[in-house]
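Structure first, commentary second.
The values are calculated or read from the model by the stated rules, or taken from the named source; none is laboratory data. Worth saying up front: this structure is predicted, and the values here are computed from it rather than measured. Note: ideal-geometry Cβ built from the backbone for every residue, glycine included; neighbour counts use all protein chains shown. Surface areas here come from the heavy atoms of the whole protein model, side chains and all, with no ligands, DNA or RNA. Shrake-Rupley method; radii C 1.70, N 1.55, O 1.52, S 1.80 Å.
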Amino acid sequence: MIKDKGLSSILHSVMSNSATVIQDRYYPRWHLAPVAGLLNDPNGFSFDGEYYHLFYQWNPLSCEHKNKCWGHWRSKDLIHWHHQPIALLPDEVYDKDGCYSGSAVIYNEKLTLCYTGNVKFENGDRTAWQCLAVENKQGSFDKLGPVLDLPEGYTGHVRDPKIWQYKANWYMVLGAQNLNKQGKVLLYISSDLNQWCLIGELAGSYIGGLDDAGYMWECPDLFELEKHFILLTCPQGIKKEEERFLNSHPSAYLIGQFSYETLQFQHGPLIELDAGFEFYAPQTTLANGRRLLFGWMGVPDGDEMHQPTIVNGWIHQMTCPRELSIKKGKLYQQPIKELEQLRQNPQYWQGIADHIDSIDYFNVELAIELEVSTLFSIYFSDTMELSINNHQAILKRRSFKNGEWKYRYWSHSVKKLQILVDSSSVEIFFNEGEGVMSSRFFPSEKMTITFSGKNNISLTAWQLSDSIVN
């Protein structure tokens, strides 16, 4: 629990560490990242008509998964972000072991947060409360306390409320684990955000045609998109396949139809949302008719604690903001158009890939068009390689832990690539967003990008200007 002295500890941590963080060559130049400590899930991603708000799980005191607060950024354009007062501290009996993830809505003309208060007991048990907090005139938040306790039939792993309004009612999806250690998403309804009625299990293991799909479903997010309904989720414990769901904890989605009359969700199979090494806990918002997404470029319980930035007192970053769409019944993700404002100094090449000059700087965007049967590779220093063949993209990267090569796959034909590179991250968009791979990487040698292949390609490269939070 962080009490009053926690504020001075946080301030000291930020002041003493910020100069070191900014000078770290791996610190992002245009992605959002912590000024100190550990960042994880995006929270409360919302738009109030003037500002975009992005809250985030943050341990400002160390690079450990503890002391979880809510940090807060806001922006008018999704490019230039500004620090806001810390939104939530774990300083009450109902959230003493962490202010866990949740969402934000406008209620009674005030920005209102709904989050999970995490409580752990000495015997190893735990419980969870779903809590509210309301923005005050100073820009911080006043806690209103719990509005929902642990539902009967579930373990203490119930968390991550995502709230939205439809007509006169409010709805909540909530990640959960039942007493048989099966992952579920629960659906609630309310007229006032304070009194909630459990409708039942919306999705999860052994529901809607799924078999065993993991022991805990985290970070649910249900929304309508172009006459389809999408449920984003993070199914912990789902069985790894030969080329899918290879991260310690993956992100996935279900696509189908949800009825506000029957409150039932009919859907197809689980589909991996991002096939890269680091992507988790995505959250969306609706703003000016667009469905936008941020994800955490990290994965819990992997080899994250071997990342080299820990030496400099920080770890993890967000993805770039993305816009979602539906094409041919599939969910597409693309970088938001606003990111084009960062482009400068364009360079163009067309010809045999082997003959293209290397790029000796990062913070770059690449747009590449390939011939149908192209065999093509991109090398990111000595650390990571993307290889394209006739039917598949393969991303390999050296393990942070022992330097061994690890692999991720996107098994479709690739015609177009859009690649966004920052100081220590790569986001690869295939075929205008049909597939995505998001990954961190930390080259030990000079940062260079080189190309290999015997076929013709078309390449445009832009340097990307900095967009530092202030």
**Complete:** residue 26 neighbourhood, Cβ < 12 Å, K/R = +1, D/E = -1, net charge +1
**Message:** Using only Cα atoms and rounding to the nearest 10 degrees, what angle (0 to 90) does helix 4-23 make with the longest principal axis of the chain?
**Reply:** 0
**Asked** For the stretch 387-453, which trypsin sites (Lys or Arg not before Pro) are in a loop by DSSP, counting at most 16 other Cβ atoms within 10 Å?
**Response** 401, 415, 446
**Item:** Gyration tensor (alpha-carbon) shape descriptor, the stretch 337-464, a/c threshold 1.5
**Value:** rounded
**Prompt:** Where the centroid of each part is defined by its Cα atoms, how far is the stretch 57-82 from the stretch 249-282 in Å?
**Reply:** 25
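Take every Cα pair under 8 Å in the chain that's 6+ residues apart, average their separations, divide by the length, and report that relative contact order as a whole percent.
Numbers: 1279 pairs, mean separation 63.5, N = 470.
Relative CO of the chain lands at 14 percent.
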**Asked** To the nearest 10 square angstrom, what accessible area does residue 191 show with a 1.4 Å probe?
**Response** 80
**Item:** Sum of -39500 (n - 2.57) over DSSP H runs of 4+, divided by residues of the chain (222 nm, nearest 500)
**Value:** -1500 deg cm²/dmol
**Solvent exposure of the chain as accessible area per residue, Å², 1.4 Å probe** = 41
**Item:** Fraction in percent of alpha-carbon pairs per bin - 5 Å, the stretch 180-297
**Value:** 2, 11, 20, 23, 21, 14, 6, 2, 0, 0
**Asked** Sorted by accessible area (1.4 Å probe), largest first, how do 348, 27 line up?
**Response** 348, 27
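Would you work out what percent of the accessible area of the chain, with all protein chains in place, is carbon or sulfur (probe 1.4 Å)?
Working: 9010 of 19130 Å².
Result for the chain: 47 percent of the exposed heavy-atom area is carbon or sulfur.
Give the average over all directions of the projected area of the C-alpha convex hull of the stretch 6-109, one decimal, in nm². Numbers along the way, then the final one.
Values: hull surface 29.0 nm².
Averaged projected area of the stretch 6-109's Cα convex hull equals 7.3 nm².
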**Request:** Work from the charge dipole of the stretch 337-464 (Cβ charges, +1 for Lys and Arg, -1 for Asp and Glu, about the Cα centre) and give the residue of 429, 367, 461 farthest towards its positive end.
**Result:** 429
**Cross-link partners of residue 396 among aspartates and glutamates (Cα-Cα below 13 Å; sequence separation of 8 or more within a chain)** = 243, 278, 382, 385, 404
**Item:** For peptides 311-319, 205-213, 81-89, sequence by mean Cβ density within 10 Å, most packed first
**Value:** 311-319, 81-89, 205-213
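The stretch 21-83: which trypsin sites (Lys or Arg not before Pro) are DSSP loop and have at most 14 other beta-carbon atoms within 10 angstrom?
Values: sites: 25, 29, 66, 68, 74, 76; in loops: 25, 29, 66, 68, 76.
Here the sparse-neighbourhood loop sites are 25, 66, 76.
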**Message:** Just to verify a number: what accessible area does residue 445 come out at with the full protein assembly present, 1.4 Å probe, Å² rounded to tens?
**Reply:** 90
**Message:** Using just the Cα positions, wrap the stretch 76-115 in a convex hull and report its mean projected area in square nanometres, one decimal place.
**Reply:** 4.1
**Request:** Report the charge-dipole magnitude of the stretch 337-464 in Debye, nearest 20, computed about the Cα centre from +1 at each Lys and Arg Cβ and -1 at each Asp and Glu Cβ.
**Result:** 420
